Amino acid sequence: MSHFPNGFLWGGATAANQYEGGWNEGGRGPALTDVTTGGTVDTPRMITWIDKYGSPHASPSHGFTLPEGASYAVLEDYYYPNHKGTDFYHHWKEDIALFAEMGFKIFRMSISWSRLYPKGIEEEPNQEGIEFYRNVFKELKAHGIEPLVTIWHFDTPLYIEEQMGGWANREVIDLFVRYATTCFEEYKGLVKYWLTFNEINNTIMFLDMAGAAADERYTEAYQILHNEFVASAKAVQIGHAIDPDNRIGCMICGICNYPLTPDPDDMLAFQRAWEKNIFYCGDVQCKGEYPIFARRLWNEHNVHLDITEEDLKILKEGTVDYYTFSYYMSNAVTTHEMDEKAGGNGVMGARNPYLEYSDWGWALDPKGLRYYLEVVNDRYHKPIMIVENGLGAYDTVEEDGSIHDPFRIDYYRAHIREMDKAIEEGVDLIGYTTWGCIDLVSAGTGEMRKRYGFIYVDMDDEGKGTMKRTPKDSFYWYKKVIESNGGDLE
């Protein structure tokens with residue numbers, strides 16, 4: 001028997017920079033992802049740039065800082081998978097029809113900031129960009145699908161990154177607020193579910209992944225987060241003022257942390273991992289204030305932030321309406337030497353001997369999803385959505401054109417069962433959007449072979465292919481799940 005409530009929001013999720021394409025069409029300006037090359041599970045994605053002498057360079061994207069006098073550049077000898085994504089820009093009607101055939105109640109997508117404001121500093125938005133998204137939202141509504149719109153999904157306009165220093169600069173808060181206000185005003189009545197910042201906590205997690213960073217890098221990272229918190233809180237207040245029906249949420253990269261051993265030091269490390277990586281951002285956005293442990297986190301790296309009394313007032317008055325998160329894996333934390341280290345994006349700990357791992361090194365852990373749900377439900381007492389969950393895997397197209405993906409069905413079935421149990425135990429879960437409901441470019445590796453979708457897109461890692469859309473076996477399975485409101489998972 002299904003415990004999913006009536007009106008549960010089943011659907012799928014994408015991001016403009018990985019899916020939309022049309023990177024230099026319709027008046028859109030470039031974003032950082034447009035100067036980011038492809039990579040693999042073993043080789044990093046690179047940022048391409050030109051130094052002050054005009055020489056071209058490519059540097060690993062994680063932790064990259066543009067040298068003084070240099071500029072970002074698209075170089076001839078590199079492939080940039082985000083330029084094309086999987087071409088929603090030219091296939092949106094076809095794709096939305098497929099989502100409707102599956103029975104989607106909600107579709108999560110993002111707006112590309114530089115499609116509305118090409119440099120991010122303009123006084124008036126790009127009308128061609130405004131109309132593109134308006135048409136998309138109207139098409140979704142015509143099919144009975146609610147848009148769930150992420151305002152910022154890793155795509156700050158490149159001009160802001162290069163000329164203003166990105167989110168470390170407080171001036172960017174007001175530029176974001178102008179952009180968010182435009183979204184709320186232009187799409188009033190078409191969009192009511194919004195997310196301010198995607199996986200906002202990645203700023204700190206990625207810094208830790210890079211290894212021993214200098215205290216100055218941590219100061220910058222925490223300042224970036226603070227500026228984004230203020231921008232988010234301002235956007236929440238403006239969104240509510242423009243349309244009281246707007247429901248605006250946060251979005252956290254949700255990784256369930258476990259202690260690897262019962263050693264008390266591992267227990268403390270596990271607690272600290274939750275505080276730093278999960279609760280720090282969730283507390284500010286849901287409770288409107290920094291948690292008590294924030295001072296300890298800052299002191300660990302001699303962090304001194306530019307925080308005003310007005311900022312603190314804005315944070316208190318701009319709390320989100322609901323909590324959303326991504327969930328792909330769990331992480332084992334230990335203070336001991338690790339016999340075997342886990343791989344995969346966002347994974348910094350030891351390999352968990354009780355779990356299986358994907359081809360990209362991600363722990364397959366549906367029970368961790370239930371644990372995470374119950375923890376954040378108890379902490380925040382707000383409605384919850386899981387807005388990313390999925391398995392990146394290889395797909396094979398058979399001679400007759402069919403794609404059989406029982407491993408993906410098994411993955412989703414196990415996670416949905418744990419969601420059902422969490423709801424039965426009292427978790428206020430209102431929606432679920434699977435990640436990459438249609439194949440798109442991997443954020444971590446830039447690959448196409450790492451496929452998530454219910455819908456296969458004919459394109460390879462070099463951007464070659466017809467872009468033909470083909471439903472996989474999981475397409476029909478998920479359609480059945482939605483029709484039964486989670487009651488039929490076989």
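The values are calculated or read from the model by the stated rules, or taken from the named source; none is laboratory data. In this text, all values refer to a predicted model and were calculated from it rather than measured experimentally. Counting neighbours? That spans all protein chains shown, and the Cβs are built from the backbone with ideal geometry, glycine included.
Return yes or no: is Phe8 farther than 28 Å from Gly120 by Cα, crowded, with 18+ Cβ neighbours inside 10 Å and touching a residue at least 12 places away in the same chain (Cβ under 8 Å)? Yes, satisfied. Residue selection: Gly349 fails the criterion of being among the small types (Gly, Ala, Ser) and farther than 30 Å from Glu220 by Cβ. Residues in region 51-75 that are touching a residue at least 24 places away in the same chain (Cβ under 8 Å), closer than 14 Å to Glu162 by Cβ and either in a loop (DSSP other than H, G, I, E, B) or not aromatic (Phe, Trp, Tyr) (or both): Leu66, Ser71, Ala73, Val74. For Thr181, state whether it is under 20 Å from Gly239 (Cβ atoms), among the polar types (S, T, N, Q) and either in a helix (DSSP H, G or I) or out of contact with any Lys or Arg (no Cβ under 9 Å at 6 or more places or on another chain) (or both). Yes. From the list Thr445, Thr434, the lone residue that is farther than 30 Å from Tyr322 by Cβ, hydroxyl-bearing (Ser, Thr, Tyr) and either outside any helix (DSSP H, G or I) or over 21 Å from the mean Cα position of the chain (by Cα) (or both) is Thr445.
Is it the case, given these coordinates, that Trp10 is in a helix (DSSP H, G or I) and either among the aliphatic types (A, V, I, L, M) or over 30 Å from Ala214 (Cβ atoms) (or both)? No: the conditions fail for Trp10.
Criterion applied to Glu162, Glu124 was being surrounded by fewer than 22 Cβ atoms within 10 Å (Cβ to Cβ), over 22 Å from the mean Cα position of the chain (by Cα), over 27 Å from Ile430 (Cβ atoms) and free of Cβ contacts under 8 Å to residues at least 60 places away in the same chain, and the one residue passing it is Glu124. Residues of region 24-50 being buried (at least 19 other Cβ atoms within 10 Å of the Cβ), closer than 24 Å to Trp167 by Cα and in contact with a strand residue (DSSP E or B) (Cβ under 8 Å, 6 or more places away or on another chain), which ones? Of everything in region 24-50, those that are buried (at least 19 other Cβ atoms within 10 Å of the Cβ), closer than 24 Å to Trp167 by Cα and in contact with a strand residue (DSSP E or B) (Cβ under 8 Å, 6 or more places away or on another chain) turn out to be Gly29, Pro30, Ala31, Leu32, Val35, Thr36, Thr37, Arg45, Met46, Ile47, Thr48, Trp49. Criterion applied to Asp77, Asp42 was being more than 22 Å from Glu199 (Cα to Cα), under 23 Å from the mean Cα position of the chain (by Cα) and at pLDDT below 95, and the one residue passing it is Asp42. Residues in region 384-431 that are under 24 Å from Leu9 (Cα atoms), over 25 Å from the mean Cα position of the chain (by Cα) and among the aliphatic types (A, V, I, L, M): 0 in all.
In region 307-328 there is at least one residue that is surrounded by 20 or more Cβ atoms within 10 Å (Cβ to Cβ), in contact with an Asp or Glu (Cβ under 6 Å, 6 or more places away or on another chain) and not charged (D, E, K, R). One residue alone among Leu190, Leu175 is touching a strand residue (DSSP E or B) at 6+ places or on another chain (Cβ under 9 Å), free of Cβ contacts under 8 Å to residues at least 60 places away in the same chain and in a loop (DSSP other than H, G, I, E, B), and that residue is Leu190. In region 356-369, the qualifying residues are those that are closer than 27 Å to Leu207 by Cα and modelled with pLDDT of 95 or more, and the one that is surrounded by the fewest Cβ atoms within 10 Å (Cβ to Cβ) is Pro366. Of all residues in region 209-248, those being under 20 Å from Gly165 (Cβ atoms), more than 21 Å from the chain's Cα centre (by Cα) and small (Gly, Ala, Ser) number 2.
Just to check your reading of the model, which residue among Glu289, Glu300 is acidic (Asp, Glu) and closer than 24 Å to Ile173 by Cβ? The match here is Glu289.
Can you pull out the residues in region 193-220 that are of a type in the set (Phe, Trp, Tyr) and touching a residue at least 60 places away in the same chain (Cβ under 8 Å)?
Correct list: Tyr193, Phe206, Tyr218.
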